[in-house]
Amino acid sequence: MKIFLDTADTELIQKHFATGLVDGVTTNPTLIKKSGRDPEEVYQELIDLGLPDISMEVVGTGEEMVAEGRRLAKKFGQNATIKVPCTRGGLAACRILASESIKVNVTLIFSAAQAILAAKAGAAYVSPFVGRVDDNSFDGVSLVAQITGIFREHVARTQVLAASVRDVSSVSKCFGVGSDIVTMPPTVFEKMYNHILTEKGLDLFQQDWDSVNNSTKE
Ligand code: G3P
């Protein structure tokens with residue numbers, strides 16, 4: 001049950017990684033653009049922080065993705081997971097990279113059929129996009145459930161990494177249907193701690209504790 005942060009904001013990653021509850025990071029071109037930084041500077045900073053698993057997205061033709069994937073894997077070693085899209089070119093690149101023992105995360109998965117192809121191509125992870133499926137009036141968590149069910153049935157080695165997760169209840173639901181990893185924005189990770197009844201309960205415990213202490217001092 002692994003939690004990844006879906007961001008390229010190294011300050012926030014550092015803060016949350018220090019909790020010991022975060023297992024990795026996923027990035028994509030949009031998140032890198034948002035950070036305003038050079039992608040490889042971001043990856044290096046995360047490796048220096050000790051992040052063991054960082055998804056680094058590659059783009060272009062199949063050949064270009066293979067070349068870039070090899071280069072990144074050589075530069076960043078075992079910490080690098082190469083992220084490719086679920087296209088013909090992406091899956092061809094996945095097969096080649098996986099055969100060279102490079103970890104691949106196949107992203108932009110919107111159907112169980114795509115996840116099956118990615119698993120056959122040797123992907124370490126498949127990333128179904130829960131929120132974007134929901135945006136299109138389908139059920140993202142059901143897609144995750146379908147994929148985990150198929151992988152379990154066939155004892156696939158590929159892990160399911162639920163992505164495009166935008167709220168706390170989707171995190172629990174994805175883990176509930178067997179997702180191995182859920183990646184989420186730091187805002188969602190922060191909210192996982194919170195529950196109104198925890199706060200209320202704590203207030204009451206604190207008040208009672210204060211009155212116990214006061215009465216024993218009297
Ligand atoms: O991990 C993929 C994620 O970054 C996409 O999220 O919210 O843009 O659909 P979103």
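Laboratory data are not the source of any read-out in this text; all were calculated from the coordinates shown. This one's a predicted model, so the numbers in the text were calculated from it and none came from an experiment. In this analysis, Cβ positions are derived from the backbone assuming ideal geometry, glycine residues included, and neighbour counts consider all displayed protein chains.
Numbers at a glance
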{"item": "Matching entry among Gly178, Gly122 (being surrounded by fewer than 22 Cβ atoms within 10 Å (Cβ to Cβ) and touching a Cys at 6+ places or on another chain (Cβ under 8 Å))", "result": "Gly122"}
{"item": "Selected residue (criterion: nearest to Val104 (Cα to Cα)) from residues of the range 43-57 that are of a type outside the set (Asp, Glu) and surrounded by fewer than 22 Cβ atoms within 10 Å (Cβ to Cβ)", "result": "Pro52"}
{"item": "Residue within the range 86-109 that is touching a Lys or Arg at 6+ places or on another chain (Cβ under 8 Å), under 30 Å from Gly149 (Cβ atoms), within 16 Å of the ligand (Cβ to nearest atom) and in contact (Cβ under 8 Å) with a residue 60 or more places away in the chain present", "result": "yes"}
{"item": "Residue tally, condition among the hydroxyl-bearing types (Ser, Thr, Tyr) and farther than 24 Å from Gln14 by Cβ, over the range 34-83", "result": "1"}
{"item": "Qualifying residue in the range 4-21 (condition: in contact with a Phe, Trp or Tyr (Cβ under 7 Å, 6 or more places away or on another chain), under 16 Å from Gly77 (Cα atoms) and touching a residue at least 24 places away in the same chain (Cβ under 8 Å))", "result": "no"}
{"item": "Subset of the range 1-38 [within 13 Å of the ligand (Cβ to nearest atom), of a type in the set (A, V, I, L, M) and in a loop (DSSP other than H, G, I, E, B)]", "result": "Ala8"}
{"item": "Any hit, the range 130-148, residues being farther than 23 Å from Phe189 by Cα and among the acidic types (Asp, Glu)", "result": "no"}
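Yes/no per residue for (1) within 16 Å of Ala112 (Cα to Cα); (2) touching a strand residue (DSSP E or B) at 6+ places or on another chain (Cβ under 7 Å); (3) surrounded by fewer than 16 Cβ atoms within 10 Å (Cβ to Cβ):
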residue: Phe138; (1), (2), (3): yes, no, yes
residue: Val141; (1), (2), (3): yes, no, no
residue: Val168; (1), (2), (3): no, no, no
residue: Ile196; (1), (2), (3): no, no, yes
residue: Asp203; (1), (2), (3): no, no, yes
